[in-house]
Amino acid sequence: MDEKLNPKEVAQAFQPFWDMGFKLGLVTRTLKECKNILGDEIASDMALLEMRYLGGARDLFENLKDKILKPYFTSHKGKISSLLLQHLQEGLYSDDNSMYRVEPHLKNGVCTLRDCHRIGWLLKLLFDIRKYSEIEEKSSLRKKDIHAFSVAYDYMLSLRNELHMINGRRMDVLETASQPDIALALGHGKKNPHLFMKEFYLHANSIRNMALALIEKTSTENNFLFEMRRKITATRLPLNLCLLDGIIYPEKSAHLKLDPTWIMQLFLQTVHTQSHLCRELREKVRLASDSIEQSECRTIHVSAFFRNILLAPHPIGHTISEMHDCGFLAKFLSEFTELHCMVQYTTYHEYTADQHIILCMKSLDHISKQQHELHSIYAGLSKAWILRLGLLLH
């Protein structure tokens, strides 16, 4: 706001909108006030990062952008990006939350609109991307991931708008009572809310894939430095693999067998090292799983390696989750094919049936830790692996 303007005159410009019932947020600040609030909280910083010119004094806008915001975001890019990446990772790897809630929060839930915003902010900060068409060229992210993310973001926006319209008020939690009406509005029929919810989870998963790709991209951005670290400091693993910063990568130019026995051994390595698979390995396993027949997984060797996962003294919930995400768990345990994104409208299922089971596995991991009050009971079990198997099949 120009310091010469009277705040009452500014308020008069918005009065007609308020009189019509529009809930417009209104904040007026001078250039000095904008500079002073930078760094106070991430929400204000991101609001200024998102700003665009609509009308009024163009020179005032340019001064704010070039003299105040550009120097600030240039000097604080690393700090802000780290904070945004941390928020993304906390949601993606949380043991207490999931994007597969039966009643998801469309604004602040995992892999919904807030995570879309965080991805957009990171693209602006790290790669100076201002338009959708620039993402592939400037970030080198895959076209497939970018397109799926764009479609998913539009879907989340339209879904939230539909939720507001159906309820006649602002509402961000997709409650079960609203799901039949939204299913009808989106063409699934009022009796098929489970089909609509499966569509929702598929779009949320596209946002998740984009977030994972961006997280991995930032960790390997300096390709020369990354390759040197992978060659010199990474821990060598069996199967032509290596471990770096908690992520398993294939050795450069390594030939990967990718049959059921090899894949199960790969997941056993994620248990032994308490790590996650890199995007490249996840995609390779996902593609291989598509072509694997269930009968190929029913061998003594594959079953033995899976039993070793259940017998491991370490947490295994994250491994079962990753195995499921890659589509391999359903090939080994065919029951999981029907459970994928299955919504059950009961008081016992806050999450989809498959995620309910995976979160049970993660809860058991917490109990196995020494500081948990039930640890002594768990530690006294002579065959804890049977409990793990029972939870997996319950």
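The values are calculated or read from the model by the stated rules, or taken from the named source; none is laboratory data. Since the model is a prediction, treat every value here as computed from it, not as a measurement. Cβ sites come from the backbone with ideal geometry, for glycine too, and all protein chains shown count toward neighbours. The protein model used for the area step is the full one, side chains on, heavy atoms only, and it has no ligands, DNA or RNA in it. Shrake-Rupley method; radii C 1.70, N 1.55, O 1.52, S 1.80 Å.
Computed quantities for the displayed model
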item	result
Per DSSP, loop trypsin sites (Lys or Arg not before Pro) in the stretch 222-253 with at most 16 further Cβ within 10 Å	LYS252
Spatially proximal lysines relative to LYS369 (Cα-Cα < 23 Å; intrachain offsets below 8 disregarded)	LYS383
Which of GLY189, HIS272, SER219, positive extreme of dipole for the chain (C-beta unit charges)	SER219
Calculated P(r) tail over 27 Å for the stretch 1-134, as whole % of Cα pairs	35 percent
Spin-label model distance (nm) - GLU335 vs LYS383, 7 Å beyond Cα toward Cβ	1.7 nm
Label-to-label distance, nm, for residues given as MET165 and ASP128 (7 Å Cα→Cβ offset)	4.0 nm
Within the stretch 1-130: Cβ-based charge dipole about Cα centre, in debye rounded to nearest 20 (Lys, Arg +1; Asp, Glu -1)	360 debye
Inter-centroid distance (Cα atoms) of the stretch 284-314 relative to the stretch 254-277, Å	10 Å
Surface per residue (accessible, 1.4 Å probe) for the stretch 136-284, Å²	50 Å²
Using a Förster distance of 35 Å, the FRET efficiency for LYS190-LYS144 (Cβ separation, nearest 0.05)	0.55
Sequence-separation-based contact order of the stretch 215-307, relative, with Cα cut under 8 Å and 6+ spacing, percent	25 percent
Virtual spin-label span in nm between LEU287 and ASN36, 7 Å along Cα→Cβ	5.7 nm
Over the stretch 303-394, relative contact order from alpha-carbon pairs under 8 Å, at least 6 apart, %	28 percent
Chymotrypsin sites (Phe, Trp or Tyr not before Pro), loop per DSSP, at most 16 other Cβ atoms within 10 Å - longest free stretch of the chain	94-344
Extreme residue, positive dipole direction of the stretch 52-154, given options LEU125, SER81, LEU64 (C-beta unit charges)	LEU64
Solvent exposure of the stretch 320-385 as accessible area per residue, Å², 1.4 Å probe	51 Å²
List LYS198, LYS331, ordered by accessible area with a 1.4 Å probe, largest first	LYS198, LYS331
Dipole magnitude of the chain, debye to nearest 20 (Cβ charges: Lys/Arg +1, Asp/Glu -1, about Cα centre)	600 debye
Assigned charges on the beta-carbon of Lys, Arg, Asp, Glu; the stretch 236-320 dipole about Cα centre (debye)	140 debye
Heavy-atom accessible surface of the chain: percent carbon and sulfur, 1.4 Å	54 percent
Cα gyration tensor shape of the stretch 101-179, rounded if a/c is under 1.5, else prolate or oblate by comparing a/b with b/c	prolate
Rounded to 10°, Cα long-axis angle of helix 300-311 versus longest principal axis of the chain	60 degrees
For the stretch 195-350: rounded, prolate or oblate by the Cα gyration tensor [a/c cutoff 1.5]	oblate
DSSP bridge orientation in the chain - percent antiparallel, rounded to nearest 5	80 percent
Per DSSP, loop trypsin sites (Lys or Arg not before Pro) in the stretch 29-110 with at most 10 further Cβ within 10 Å	ARG52
Charge dipole (the chain, unit charges on Cβ, about Cα centre) - positive-most of LEU333, ALA177, VAL27	VAL27
